[in-house]
Amino acid sequence: MDRREFFRLGFFRVKDHARKSAPEIIRREISPVAIDVSVLTEQVELAEQLADELLPDFFGERFLRLKQSRLNGTYPGGILLFEQNRMRDYHDGASLFYAALREFEQGLALRELQTDPVLLRYINVIPAFSRSADVFHRNRLHSAIPLYEDGRFEIEGSLGTMRVVVAGQRLTVVSSSCEQQTCVGHPAIVTPGQRITCVPNEISIAIGMPV
């Protein structure tokens, strides 16, 4: 049995035990945690293959792929995990899901710089229509930026200021105090479910994701 099969079988056993031991009324009322996984990689085909092997069992009833976005240039690769719009560090967790994400990261060699990488997004909830983008700083809702009118906005992050522009209902990060500038290289976001994250500034901007 390889490690991926171990993750899958272990998850099923834990899930089945929790389902059987929970009272019936609790089983009906439990709502799934909103999961949002972003992968920045130049190895798109391998990433999609690994995602299909490692992730679906942890996403509940839905394993949804959002439209890919390409970043032009060289950026550090990586995986970002959000649960209910809170960024989580899967490197420290002992759960099978976190272990699967670490396996995912290792299989793609994401610690190396990626050239013209593609951002892959996987979620388990259907994003809601929204006329604003929610801004989170250190996992707390900071503000909401309206998308129905053009404007310029400044967000104070952990390292300094991030500046965003809304034009034609599209939101773009135009400058940031971070070193790698991955958030600046991200294409504009416009549709529900899209997200731009600046890890050093601990800022995430999302459209239509559950708060």
Over segment 94-211, volume per residue of the alpha carbon convex hull, in Å³: 125 Å³
Which order results if 39, 125, 211 are arranged by neighbouring Cβ count within 10 Å, fewest first? 211, 125, 39
Between residue 84 and residue 161, what is the label-to-label distance in nm when each label sits 7 Å out along the Cα-to-Cβ direction? 3.4 nm
Any idea what the relative contact order of segment 75-187 is, in percent, if you count C-alpha pairs under 8 Å spaced at least 6 apart? 16 percent
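Over the chain, what is the relative contact order in whole percent, taking alpha-carbon pairs under 8 Å and six or more residues apart?
About 20 percent, as a whole number.
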Which of the trypsin sites (Lys or Arg not before Pro) across segment 105-166 are loop residues per DSSP, with 16 or fewer other Cβ within 10 Å? 111, 131, 138
Compute all pairwise cysteine Cβ distances in the chain, then list the cysteines with no distance under 4.7 Å to another cysteine. 178
Percentage relative contact order, segment 132-206, counting C-alpha pairs under 8 Å, at least six apart: 28 percent
Plugging the Cβ-Cβ distance of residue 67 and residue 128 into 1/(1 + (r/R0)^6) at R0 = 22 Å yields, to the nearest 0.05, a FRET efficiency of 0.85
Using a Förster radius of 35 Å, what is the FRET efficiency between residue 169 and residue 45 based on their Cβ-Cβ separation? Nearest 0.05, please. 0.60
Degrees, to the nearest 10: 96-108 long Cα axis against longest axis of the chain: 60 degrees
Please work out the Kirkwood hydrodynamic radius for the chain, using every pair of different C-alpha atoms, and report it in angstroms with one decimal place. 18.1 Å
Within the chain, what's the longest stretch lacking chymotrypsin sites (Phe, Trp or Tyr not before Pro) that sit in DSSP loops with no more than 14 other Cβ atoms inside 10 Å? 1-128
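Kindly provide the helix-only [θ] at 222 nm of the chain, computed as the sum of -39,500 (n - 2.57) over DSSP H runs of four or more divided by all residues, to the nearest 500 deg cm²/dmol?
Roughly -7500 deg cm²/dmol at 222 nm, from the helical runs in the chain.
The numbers here are math on the coordinates, done by the rules we state, and not lab data. Quantities reported herein were computed from a predicted structural model and do not represent experimental measurements. Don't worry about glycine lacking a Cβ; one is built from the backbone with ideal geometry, like all the others, and counts go over all protein chains shown.
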